[in-house]
Amino acid sequence: MRKLLSAASLLAALALVGCASEEGGLQSQKLATLKGRGKLICGVDGKLPGFSFVAPDGQYTGLDVDVCKAVAAATLGDPSKVDYRDLNSSERFAALASGEVDLLSRNTTVTLSRDAAGGNGLNFAPPVFYDGQGVMVPVASGIKALKDLAGKPICVETGTTTELNLADRMRELKAAYTPLKFQTGDQTYAAYLQGRCVAVTSDRSQLAGKRTNFPDPAAHTLLPEVLSKEPLAPATVNADPAWSDAVRWIVYALMQAEELGITQANIDAKLAEAKAKTNLADLRRFLGVEGEFGKQLGLAPDFVAKAVKAVGNYGEIFERNVGTGSKLKLERGLNRQWQQGGLIYSPPFR
């Protein structure tokens, strides 16, 4: 038999989940706090080229940074209204749970234990980069495959999925090895460059990014094996599902914009076309000319247009930061749109 919620419990639940927004719909408590503060506090790595990296002038750039900017633009109307907090892998979940950051956009893998209420209790947005774990070695080492690392020291950052994946793969190979564990990425890669280990392991995208800052990038190579699945996604706490919904659909909007051919350069023209042509129902709803998508999320009607105008669509974000035109020169691979055989797929905006 079901028990009825007490009045106190009901009021507490309503206070946690949301309140009426200025747009007329349900708004999360986190979103209300964010708007009152006028800033999005976004947890990032800060030292990972291509994803989040601080330039000498103090400006943050990267794919994860652009996600922060898109959320700020969609929620606050301005992509510059972001305070970035550099977090290492051991700090990130505690910072999110405590409310120190509103959003974690920090090359974080979606896993059951991180998502489950009995684990870290996170809510993940759609993956913004489908990756896999790799291993990097000096070319001069002559190491060609993972099995060649038997009996050798391997550098790994602790508190990450890479630490566990490495142990599992070496166990499958029945190969003993010595894991040299470090608290931060800086310590991990410094030890590798100092020759304290003969290999370093992490997400393949991270290895490629870190390698760009090595004294001689060409002296290091990635082994061919992919050790794991690593879908990297922004995360929020699961205590505020309305906030998680808003972040989720802002990310989906960037993906859907690419599918529709809406870019940072043509967003104003597309918006004008949507306003002028009443028969373009899907475009009008997507860009907020009609319908209540924004209201349902506690956002402004034109939240999609604001996000795309700020950072471009998903394809533009990828290419600018990690694609073949960037220093990382990564192929899109699994990060292609679904029509091209990739995994980037937005549910319908209906």
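The values are calculated or read from the model by the stated rules, or taken from the named source; none is laboratory data. A quick note: this is a predicted structure, and the numbers were derived from the prediction, not measured. Don't worry about glycine lacking a Cβ; one is built from the backbone with ideal geometry, like all the others, and counts go over all protein chains shown. Note: areas computed on protein heavy atoms with side chains; ligands, DNA, RNA excluded. Shrake-Rupley method; radii C 1.70, N 1.55, O 1.52, S 1.80 Å.
Pairwise Cα distances in the chain exceed 27 Å in 49 percent of cases. The heavy atoms of residue 84 offer some 50 square angstrom of accessible surface to a 1.4 angstrom probe. Restricting the calculation to alpha carbons of segment 182-222 gives Rg and Dmax of 9.5, 27 angstrom. Taking the helices alone, the chain has a mean residue ellipticity at 222 nm of -11000 deg cm²/dmol, built from -39,500 (n - 2.57) per DSSP H run of at least 4 residues and averaged over all its residues.
If you count only protein heavy atoms with a 1.4 Å probe, what accessible area per residue comes out for segment 276-350, rounded to a whole Å²? Don't skip to the answer; put the middle values down first.
Values: 3800 Å² over 75 residues.
Normalised by residue count, the accessible surface of segment 276-350 is 51 Å².
Ranking 105, 126, 138 by how far each Cα lies toward the positive end of the dipole of segment 90-143 (charges on Cβ) leaves 138 at the top.
Near residue 83, the amide H atoms lying under 5 Å from its own belong to 40, 41, 42; only residues 5 or more places off or on other chains count, and H is placed 1.01 Å from N. Each of 74, 222, 151 was scored by the projection of its Cα onto the charge dipole of the chain, and the greatest displacement toward the positive side belongs to 151; charges sit on the C-beta of Lys, Arg, Asp and Glu.
What base-10 log of the normalised intensity I(q)/I(0) is obtained for segment 217-301 from the Debye formula, alpha carbons as equal point scatterers, at q = 0.13, 0.21, 0.25, 0.26 Å⁻¹? One equal scatterer on each Cα of segment 217-301 leads to -0.61, -1.04, -1.27, -1.31. Relative to the longest principal Cα axis of the chain, at what angle does helix 267-276 sit, 0 to 90 degrees, rounded to 10? Roughly 30 degrees between the two axes.
For the chain, DSSP calls about 60 percent of its internal beta bridges antiparallel. Students often get this wrong, so check it: of 30/210; 309/329; 30/275; 229/295; 174/329; 47/152, which have C-alpha atoms separated by over 29 Å? Correct reply: 30/210; 30/275; 229/295; 174/329. The alpha-carbon of residue 147 sits under 18 angstrom from the alpha-carbons of these aspartates and glutamates, leaving out residues fewer than 8 places away in its chain: 163, 168, 172, 225.
In plain terms, the C-alpha convex hull of segment 194-348 casts an average shadow of 12.1 nm² when viewed from every direction.
Please report the projected area of segment 84-214's Cα convex hull averaged over all directions, in nm². Show your work: numbers first, answer last.
Details: hull surface 35.1 nm².
Answer in nm², one decimal: 8.8.
Less than 5 angstrom separates the built amide H of residue 221 from those of 137, 139, all sequence-distant by 5 or more or on a different chain. Given +1 at the Cβ of Lys and Arg, -1 at the Cβ of Asp and Glu and no other charges, the dipole of the chain around its Cα centre is 420 debye to the nearest 20.
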